[in-house]
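Engineer: Below is a structure I'd like to ask you about.
Please treat every number below as a calculation from the coordinates, not as lab data. Just so it is clear, the structure is predicted and the values come from calculations on it, not from any experiment. Note that each Cβ is placed from the backbone with ideal geometry, even for glycine, and that neighbours are counted across all protein chains shown.
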C-alpha cells in the first residue's frame with residue numbers, strides 16, 4: 001500500500017525538509033500550507049507532492065484537507081502535525097491577548113483537530129512536532145508557546161495508548177533551536193546563531209536533522225515505537 005502522508009506547515013522550514021525526505025523515502029506527500037502558495041508549489045515541484053491550503057484552526061478546513069488529500073493522492077496513511085506559530089519574545093506579563101490566542105489556536109487546537117481527523121481517516125502513524133521548550137519553559141521568551149508544546153507531548157502520550165490496540169503509532173519529535181524562519185516571528189531573526197552557545201553541541205540544528213527523525217518514526221524501522229518523544233536538540 002502506498003504511503004500517503006500529510007505534512008501541515010509543509011511549505012517551509014522543518015515541514016519542507018520533511019516533505020522532501022518523505023518523498024525520497026517513497027511517500028506521496030500532501031503539503032498543507034496556510035498562506036504561502038508559492039513556497040508550497042515549490043516544495044510540490046521538488047517532491048511530486050500535492051499542495052493543499054488549510055487553516056488548521058478550523059475543523060471544516062482540516063476535514064477538507066484530508067478529503068482533498070484522499071482525492072488527489074489516495075487514502076491517507078500518515079500525518080506530520082507540524083504547522084505552528086510563535087510570537088514576539090518578551091516577559092510573560094507583556095504577552096498580548098492576541099498573541100496568546102493565536103499561539104494556542106494554531107499550536108494546540110490546530111494539532112488536536114488535525115490529529116482527530118487523522119484518526120477518523122484511518123492513518124497508521126502520526127508524528128507530532130513539539131519542542132524542547134516544552135520541558136525548558138522558555139522563561140523570558142515565550143512561556144505560552146512552551147505551554148502549547150507541553151500539551152502536544154500529552155496529546156502523544158494519551159493518543160498513542162488509545163490507538164495502540166488498533167496498530168496505530170503516535171510519536172513526538174522535539175526540536176531544539178533550529179535554523180528556520182520561525183525566529184523572525186520572535187523579533188530575533190538571528191536567534192539560532194545568537195543562542196548557539198547555550199547548546200551543548202555548540203550549534204543550532206538544521207531542518208533536515210529534525211526531518212530525519214520524523215521520517216524514521218513514520219517508517220517500518222520504527223514499528224515498535226509509539227508514545228515516544230525523540231528530542232533533536234543538540235543536548236538541551
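Engineer: Round to a whole angstrom and tell me the spacing of the C-alpha centers of the range 97-118 and the range 175-193.
Structural biologist: Cα centroid to Cα centroid, the span is 21 Å.
Engineer: Report the equivalent ellipsoid semi-axes for the range 4-232 in whole Å, largest first, defined as the square roots of five times the eigenvalues of the gyration tensor built from alpha carbon atoms.
Structural biologist: Taking √(5λ) for each eigenvalue gives 26, 19, 18 Å, largest first.
Engineer: Can you tell me the orientation of helix 110-121 relative to the chain, as the angle in degrees between its alpha-carbon axis and the longest Cα principal axis, to the nearest 10?
Structural biologist: Long axis of 110-121 versus the principal axis of the chain: about 10 degrees.
Engineer: Which of the peptides 56-65, 158-167, 222-231 is most tightly packed, and how do the rest follow, going by the mean number of other Cβ atoms within 10 Å of each residue?
Structural biologist: For the peptides 56-65, 158-167, 222-231, the packing ranking is 56-65, 222-231, 158-167.
Engineer: Next question, about the same structure. Compute the helix-to-body angle for 143-163: its Cα long axis versus the longest principal axis of the chain, expressed 0 to 90° and rounded to tens.
Structural biologist: 30
Engineer: Oh, and also: Rounded to the nearest 500 deg cm²/dmol, what is the calculated helix-only ellipticity per residue at 222 nm for the chain, with -39500 (n - 2.57) per DSSP H run of length n ≥ 4?
Structural biologist: My calculation for the chain gives -13000 deg cm²/dmol from helical runs alone.
Engineer: Also, quick follow-up: As I understand it, the value is the acute angle between the Cα axis of helix 37-47 and the longest principal axis of the Cα atoms of the chain; what does it come to in degrees, rounded to 10?
Structural biologist: With rounding to tens, the tilt is 60 degrees.
Engineer: If I take R0 = 45 Å and measure r between the Cβ atoms of residue 97 and residue 1 in this structure, what FRET efficiency does the formula 1/(1 + (r/R0)^6) give, to the nearest 0.05?
Structural biologist: For residue 97 and residue 1, the calculated efficiency is 0.45.
Engineer: Here's another thing I want to ask about it. Taking neighbour counts of Cβ atoms within 10 Å as a proxy for exposure, in what order, fewest first, do 35, 131 appear?
Structural biologist: Neighbour counts put them in this order, fewest first: 35, 131.
Engineer: Let me ask something else about it. When a footprinting reagent is the concern and you count Cβ atoms within 10 Å, what order do 99, 36 take, fewest first?
Structural biologist: Fewest to most other Cβ atoms nearby, the residues stand as 36, 99.
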